[in-house]
Amino acid sequence: MSTVMVRRVASTPERTASGTWQMIMELLAPDPMSDARTELAKASGVACSSISSEATEDAAIVVWGGGPRVRVYCVFGDDAISGDTVNEDALPKSPTEDDWKMSIPCPPEDLQWSQAKLTSVSSRISARSLEDDVTDEDSKSTTPARAMAINAEEFLKS
């Protein structure tokens, strides 16, 4: 199992959905001139819609690729104001530096529109129903893992 890093970003009423997405982009792609930041900016409409609907409260925006999996949740209401559960610390390494993918959770009624919009602007960013999680298969590399079997009888022989 790979390492998972979690960030919880303050959203409404502390920030607008747009301000929240801006903070998430800064966390995931700290270089404002990077290709990744440009690609994330193209997904702003879908991301802001997801944040506005509070889909990201319990369903994470997930990024995976060359480094650890990153799960970003948004914090709303009094919790966003108090900041008690907020963690907006910079990541040790940008998860968008190497080959990466992102999945944004969306309410079921917005899923078709969100998927179509993201497909038109990015090959890396996709939408999923907030009821679904990103499976381990989604984050595995294209190199198949080799299974290892242990013959218990041979292992236990002295």
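The values are calculated or read from the model by the stated rules, or taken from the named source; none is laboratory data. Keep in mind that what you see is a predicted model, and the values were worked out from it rather than measured. Neighbour counts run over all protein chains shown; Cβ positions are idealised from the backbone, glycine included.
Residue check, Ala59 against (1) surrounded by fewer than 23 Cβ atoms within 10 Å (Cβ to Cβ); (2) part of a loop (DSSP other than H, G, I, E, B), all met but one. Which one?
Here Ala59 clears every test but (1).
Quick one: would you say Glu14 is surrounded by 16 or more Cβ atoms within 10 Å (Cβ to Cβ) and touching a Phe, Trp or Tyr at 6+ places or on another chain (Cβ under 7 Å)?
In short, no.
Among the candidates Asp98, Asp132, Asp89, Asp79, which residue alone is surrounded by fewer than 18 Cβ atoms within 10 Å (Cβ to Cβ), at pLDDT 95 or above, part of a loop (DSSP other than H, G, I, E, B) and not aromatic (Phe, Trp, Tyr)?
Going through Asp98, Asp132, Asp89, Asp79 in turn, the sole match is Asp89.
Considering (1) within 23 Å of Asp58 (Cβ to Cβ); (2) at pLDDT below 95; (3) loosely packed, with under 10 Cβ neighbours inside 10 Å, say which one Glu154 fails and leave the rest.
(1)
Can you name the residue in region 26-51 that is hydroxyl-bearing (Ser, Thr, Tyr) and surrounded by 19 or more Cβ atoms within 10 Å (Cβ to Cβ) and is also nearest to Ala127 (Cα to Cα) among such residues?
It comes out as Ser50.
Restricting to region 66-76, and then to whatever is touching a Lys or Arg at 6+ places or on another chain (Cβ under 6 Å) and not aliphatic (A, V, I, L, M), can you tell me which residue is modelled with the highest pLDDT?
Filtering region 66-76 for residues that are touching a Lys or Arg at 6+ places or on another chain (Cβ under 6 Å) and not aliphatic (A, V, I, L, M), the one modelled with the highest pLDDT comes out as Tyr73.
Which residue out of Ser103, Ser49 is outside any strand (DSSP E or B) and modelled with pLDDT of 95 or more?
Ser49
Considering only region 13-24, state which residues are touching a residue at least 24 places away in the same chain (Cβ under 8 Å) and either in a loop (DSSP other than H, G, I, E, B) or under 25 Å from Gln112 (Cβ atoms) (or both).
Those that are touching a residue at least 24 places away in the same chain (Cβ under 8 Å) and either in a loop (DSSP other than H, G, I, E, B) or under 25 Å from Gln112 (Cβ atoms) (or both): Pro13, Glu14, Arg15, Ala17, Ser18, Thr20, Trp21, Ile24.
Condition check: part of a loop (DSSP other than H, G, I, E, B), more than 25 Å from Ser49 (Cβ to Cβ) and at pLDDT below 80. Does Ala147 satisfy that?
yes
Just the residues that are of a type outside the set (Asp, Glu), part of a helix (DSSP H, G or I) and within 19 Å of Asp98 (Cβ to Cβ), please, taken from region 25-46.
Those that are of a type outside the set (Asp, Glu), part of a helix (DSSP H, G or I) and within 19 Å of Asp98 (Cβ to Cβ): Met25, Leu27, Leu28, Ala36, Arg37, Thr38, Leu40.
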